[in-house]
Each structure stands twice: as C-alpha cells, then as structure tokens.
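Asks: Sharing a structure below in structure tokens format, with a few things to ask.
The values are calculated or read from the model by the stated rules, or taken from the named source; none is laboratory data. Keep in mind that this is a model prediction, so the values were computed, not measured. Note that we place each Cβ from the backbone using ideal geometry, even for glycine, and neighbour counts take in every protein chain shown.
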Amino acid sequence: MLLPFTVKTNNIDHLEIDGIDFKKLVDKYGTPLYIVDVKTVQNQCREYIKNFANDIFETEVIYASKAFNCIAMCQLVNSEGLSIDVSTGGELFIALKSGFDPSKIYFHGNNKSEQEIEFGVNEKVGCFIVDSFEEIDALDRIAGSRGIVQKIMIRITPGIHASTHEYIQTGREKSKFGFNVNGGSAMEAVRKIITKKNLKLAGIHSHIGSQIFNIEPYEKLISVQLKFISQVVKETGLVLEEINIGGGLGVKYLQEDRASSISELAALVKGSVEKYSEKYNVRIKKLMLEPGRSIVGNAGIVIYKIGVIKNIPKIHNYISVDGGMSDNIRPVLYGAKYSVFIADKMSITEESKDRKNWKKYTIVGKHCESGDILVEEIVLPDLETSDYIAMATAGAYCYSMSSNYNGQPRPAVIAVRDGKDMVWIEREDYEDLIKNHKKLV
C-alpha cells in the first residue's frame, strides 16, 4: 500500500479519496492540505489486533501518538480498541482531552520534567516508561506524596542496530534512551526500583528504531528481553511477565519499497516469544507493541499547489509549491524520499513507456533555504502553475514535526470517510502566529 486504499482516479482524471474529488477539498480548505483517510487508519488498527491475537500471551496494541497526534486521531484509535503512548506533557494533554482512559496511556520520555511527572501521576496515567535513575527517584517521591503505587516499565537499550537512518535508530548501545543491558545499568535500575515502595515494576520496554523493513532484529530483541528477564529472576527473585517491543515497522514511500507486513511481523514475534521463553525458562503473560507510522503513514496525503516552474537551461529545473520544510521537515532532516502524483492529471503519472519529452525536476518549498527540498531529481511531464502535486505517505511525522518557520501558518488537516469531509485541525492564520507575542514595553 502506497496511497490510502480508498483512492482512485475518477472520470475527469482527478485524485479521489473515499468518493471525494481532491479539487473539491482544496477549493473548500485551500492548500497546502493534509488529508487523512479514516478507513485506512481503521484497517491498520484492525490488522494489528487481528494478527497479534493468540493463545500464548495477551497483546496490547498501543498507538505511538508522536507519529500524528490530534484530538480526533486519538478518538479514532481509541474507538478501534488501541491504547496510546505519549512522550511529553503536551501529548498527554491531547490524549486526555480526547477522552482517553488514563489507564490506557503509556508515558514515555527520556527527560520528563518534574511538572510532567506530576501531571501524569495526578491524572492516574496507567504506566510510566522509566528512562533514567533520576526519573526513578522523582517518580517514587511524587507517587508517594499522593499515596499511590505507580506501575512502571523500564526502558532497556538492547544494543541492536536496525537497518534504518541513524537518527531513528534507538536500540544501539550509544543511545540517549534507556538503560544499557550490556553495561549493567539496566540491572542496576531494577535493583534500585525494588527498593522503592511507591513503584511497581511490571516489565521491560525496548525500541530498536523506526521505518524498519528487515524485521529480523525483532527476534534478536525478544531474545535480549527474555534473557534479561531470566537474569532478573536469578539475581533479584523478581518475576517480570510483561514486555513491550516498541514500534518501528516500515511503510512504503516509494513503489520499489519492500515493507514487511503486519502479519509477517506478528508471526515472527509470536514464534520468537515461544522460542526464547523455552530457552530462558520464562513466561510472558502480556506483550505490548507501539505502532505509529504503520497506522497512519499511508493513510495520509498532502496536496500542494504549483506556484512557479523555473527552467534553468542546461542546468536544472525547479517546481516550487506553496508548502515545504515547515510542514514536512523529513526530506531535509533524514533525506526522506516520497512518491509524487499530479492530482489533477493522475493518468500522466502512471507508468508510461514514452517519457522522452519528460524533464528532470526538483520539487522545492517556498522557504528562504536552499535546502528546502521536498523531492529531488524526479522525472515529470510538462506541468502548469494551475496543477496540483499530491505526495503519498504523508500521514506520519509531517504535520507532527511542522513549524512556523518564515512565519508560515501550519496547514489544515482534514479527514474523509464515506464521501464526507471533516476538519481535524483548522488552518492557522497570521493572527495565530502572534497570539502569544507581547509588545516591547
């Protein structure tokens, strides 16, 4: 899957999403415009629940809200039976405002502030994923002052290198996240937690990275986790029965991408838990996982309007659109690549044997940066400034990483379902840019 599964080309050669012509949406809401297909999100949620259901252990699917977080998105995954993870007080606030049961919220973060910990404890968050010795002390003190025992998991660093961009590898020994297993800090953390009367350690969490195509490292991860649990029992007598394997399953951004399926990941995970439970003589009662990108990534499309087509003879050709790095920083940050369609001329971006008159372009944004590039070196036919660019796989880590750079208001996010459109996030205007500003006194 590259585009949302409700997408088709209609009889006037326009991109259509769940029965709605994209042009109707941009005429109503403007551009840039982020569009989320509700049915694709629902399908991904259901695929996770269906494929991870088994008779060996209980499974909890937890949406990684950092991928894309807003009140409506939280409500949607909640209605599909998922729990949610948050990594800041702000993400927690949004989840709570959406009506999420606090007991189904998992609070991450490698440097939670005192205020964030207090917020989570006061709101009765179900589980804290503890990431540092400082957090152990602070959480025990704050929970004790409220007279509660807080459920926690500790994040361990398994020392696994996933095949993905180094900025989104999170399981290496050289990582800012978690307690190192091989260096001994993970066991030291367990021993410290055991002495804390206001903390209850339920299990361990790990995350090896994001946008992972080769899923074999998940088997190694489960081996490391279950071996560590067996060592905890031997050295402390504490029996841990829950593991969280994090998220990271990759999705298609290009036609040639070969992403593993949810069913393939589920089969590998279930087989690995059986294999290493027997090897290390441990029993896992509950397994958790935290998909984000693979829930919402392919459900999203962004539409840009072409404003300038600049041809520099014998040097380069540019297409400038009305968005860019302020709404999608990934190409600049990670060198991320995207598939492009001409939303008002869909058939011309389909496979064609005759492209001799096509040109090589770079699609750039409107910001005052030479590096404001969305798609580099793409071959396209002649286009006009009245045309619209559609970029696939824009559901994850685009709007959630957006900014107001160059004073650019953030775009609207709308959702479609059964031929109807709904606003999830209003487009910002210029007044929004200064609503928190104060004048010089």
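Asks: If the Cβ limit is 7 Å and pairs must be 6+ apart or interchain, which residue in the stretch 276-292 that is more than 13 Å from Ile204 (Cα to Cα) pairs with which residue that is part of a helix (DSSP H, G or I) and among the polar types (S, T, N, Q)?
Replies: Final answer for the pair search is Tyr276/Ser223; Tyr280/Ser230; Asn281/Ser230; Val282/Ser230; Arg283/Ser277.
Asks: Here are some residues: Gly178, Gly209. Which one is crowded, with 19+ Cβ neighbours inside 10 Å, farther than 20 Å from Val232 by Cα, in contact with a helix residue (DSSP H, G or I) (Cβ under 9 Å, 6 or more places away or on another chain) and modelled with pLDDT under 95?
Replies: Details: Gly178 fails: farther than 20 Å from Val232 by Cα.
Going through Gly178, Gly209 in turn, just one is crowded, with 19+ Cβ neighbours inside 10 Å, farther than 20 Å from Val232 by Cα, in contact with a helix residue (DSSP H, G or I) (Cβ under 9 Å, 6 or more places away or on another chain) and modelled with pLDDT under 95: Gly209.
Asks: Only one of Lys252, Lys270, Lys305 is over 30 Å from Asn78 (Cα atoms) and surrounded by fewer than 23 Cβ atoms within 10 Å (Cβ to Cβ). Can you tell me which? Walk me through it before giving the result.
Replies: On the way: Lys252 fails: over 30 Å from Asn78 (Cα atoms); Lys270 fails: over 30 Å from Asn78 (Cα atoms).
Just one listed residue meets the conditions, Lys305.
Asks: Could you please find all residues in the stretch 175-220 being under 22 Å from the mean Cα position of the chain (by Cα) and without any contact (Cβ under 8 Å) to a residue 40 or more places away in the chain? So that I can check it myself, show each step before the final result.
Replies: Of the residues in the stretch 175-220, the ones under 22 Å from the mean Cα position of the chain (by Cα) are 175-178, 204-219.
The answer is Ser175, and nothing else.
Asks: Being under 23 Å from the mean Cα position of the chain (by Cα) and not assigned by TED's automatic domain parsing to the domain that holds Gly324 is the requirement here; does Gln231 meet it? Quick ask: steps written out before the conclusion?
Replies: Numbers: under 23 Å from the mean Cα position of the chain (by Cα): no; not assigned by TED's automatic domain parsing to the domain that holds Gly324: yes.
No, not satisfied.
Asks: Please enumerate the residues belonging to the stretch 420-441 that are assigned to a loop (DSSP other than H, G, I, E, B) and surrounded by 11 or more Cβ atoms within 10 Å (Cβ to Cβ). Talk me through it step by step, then tell me what you get.
Replies: Filtering the stretch 420-441 for residues assigned to a loop (DSSP other than H, G, I, E, B) gives 426-429, 435-441.
The answer is Glu426, Arg427, Glu428.
Asks: Would you check which residues across the stretch 181-199 are surrounded by 15 or more Cβ atoms within 10 Å (Cβ to Cβ) and more than 25 Å from Arg146 (Cβ to Cβ) and list them? Walk me through it before giving the result.
Replies: Just the residues of the stretch 181-199 that are surrounded by 15 or more Cβ atoms within 10 Å (Cβ to Cβ), to begin with: 181, 185-187, 189-190, 192-193, 196, 198-199.
The answer is Val181, Ser185, Ala186, Met187.
Asks: Starting from the stretch 110-122, take each residue that is at pLDDT 95 or above and list its partners that are among the small types (Gly, Ala, Ser), counting only C-beta distances under 6 angstrom and pairs at least six apart or across chains.
Replies: Going by the 6 Å Cβ cut-off, the qualifying pairs are Glu116/Gly89; Ile117/Ala138; Phe119/Gly89; Val121/Ala143.
Asks: Another question about this same structure. How many of the residues making up the stretch 1-51 are aliphatic (A, V, I, L, M), in contact with a Phe, Trp or Tyr (Cβ under 8 Å, 6 or more places away or on another chain) and in a helix (DSSP H, G or I)?
Replies: Result for the stretch 1-51: 1.
Asks: If a residue counts only when it is on the phi < 0 side of the Ramachandran plot and polar (S, T, N, Q), which strands (runs of 3 or more DSSP E) contained entirely in the stretch 76-132 have at least 2 such residues?
Replies: Values: elements: 83-86, 105-107, 127-130.
Once the strands (runs of 3 or more DSSP E) in the stretch 76-132 are filtered for at least 2 residues that are on the phi < 0 side of the Ramachandran plot and polar (S, T, N, Q), nothing remains.
Asks: For the stretch 251-264, does any single residue satisfy the condition of being free of Cβ contacts under 8 Å to residues at least 12 places away in the same chain and either over 30 Å from Ser386 (Cβ atoms) or among the hydrophobic types (A, V, I, L, M, F, W, C) (or both)?
Replies: Initially, the stretch 251-264 is screened for residues free of Cβ contacts under 8 Å to residues at least 12 places away in the same chain, giving 256, 261.
If we keep only those that are either over 30 Å from Ser386 (Cβ atoms) or among the hydrophobic types (A, V, I, L, M, F, W, C) (or both) too, we end up with 256, 261.
Checking the stretch 251-264: at least one residue is free of Cβ contacts under 8 Å to residues at least 12 places away in the same chain and either over 30 Å from Ser386 (Cβ atoms) or among the hydrophobic types (A, V, I, L, M, F, W, C) (or both).
Asks: Continuing with the same structure: Could you grab me the full set of residues in the stretch 299-325 that are in contact with a Lys or Arg (Cβ under 9 Å, 6 or more places away or on another chain) and of a type outside the set (A, V, I, L, M)?
Replies: Selection gives Gly307, Asn311, His316, Asn317, Tyr318, Ser320, Asp322, Gly323, Gly324.
Asks: So, Ile142, is that one touching a residue at least 60 places away in the same chain (Cβ under 8 Å) and either surrounded by fewer than 24 Cβ atoms within 10 Å (Cβ to Cβ) or not hydroxyl-bearing (Ser, Thr, Tyr) (or both) or not?
Replies: no
Asks: Scan the stretch 52-63 and tell me whether some residue there is surrounded by fewer than 18 Cβ atoms within 10 Å (Cβ to Cβ), modelled with pLDDT of 95 or more and in a helix (DSSP H, G or I).
Replies: no
Asks: Mind telling me which of the residues Ser370, Ser339 ends up being out of contact with any Gly (no Cβ under 9 Å at 6 or more places or on another chain) and free of Cβ contacts under 8 Å to residues at least 40 places away in the same chain?
Replies: Values: Ser339 fails: free of Cβ contacts under 8 Å to residues at least 40 places away in the same chain.
Among Ser370, Ser339, only Ser370 is out of contact with any Gly (no Cβ under 9 Å at 6 or more places or on another chain) and free of Cβ contacts under 8 Å to residues at least 40 places away in the same chain.
Asks: Right, something else. Quick check, is Lys314 touching a Pro at 6+ places or on another chain (Cβ under 8 Å), of a type outside the set (Gly, Ala, Ser) and not assigned by TED's automatic domain parsing to the domain that holds Ser210?
Replies: Details: touching a Pro at 6+ places or on another chain (Cβ under 8 Å): no; of a type outside the set (Gly, Ala, Ser): yes; not assigned by TED's automatic domain parsing to the domain that holds Ser210: yes.
For Lys314, the condition - touching a Pro at 6+ places or on another chain (Cβ under 8 Å), of a type outside the set (Gly, Ala, Ser) and not assigned by TED's automatic domain parsing to the domain that holds Ser210 - is not met.
Asks: Taking the stretch 377-417 as the search range and keeping residues that are surrounded by fewer than 19 Cβ atoms within 10 Å (Cβ to Cβ) and touching a helix residue (DSSP H, G or I) at 6+ places or on another chain (Cβ under 8 Å), which one is farthest from Val251 (Cα to Cα)?
Replies: It comes out as Gly407.
Asks: Further question on the same structure: Collect the residues in the stretch 362-409 that are closer than 22 Å to Lys23 by Cβ, modelled with pLDDT of 95 or more and outside any loop (DSSP other than H, G, I, E, B), keeping them in residue-number order.
Replies: Ile363, Leu374, Val375, Tyr388, Ile389, Ala390, Met391, Tyr399
Asks: Just to be sure before I move on: is Pro158 of a type outside the set (Gly, Ala, Ser) and within 30 Å of Arg258 (Cβ to Cβ) in the structure I sent? Steps first, please.
Replies: Values: of a type outside the set (Gly, Ala, Ser): yes; within 30 Å of Arg258 (Cβ to Cβ): yes.
So Pro158 fits the description; yes.
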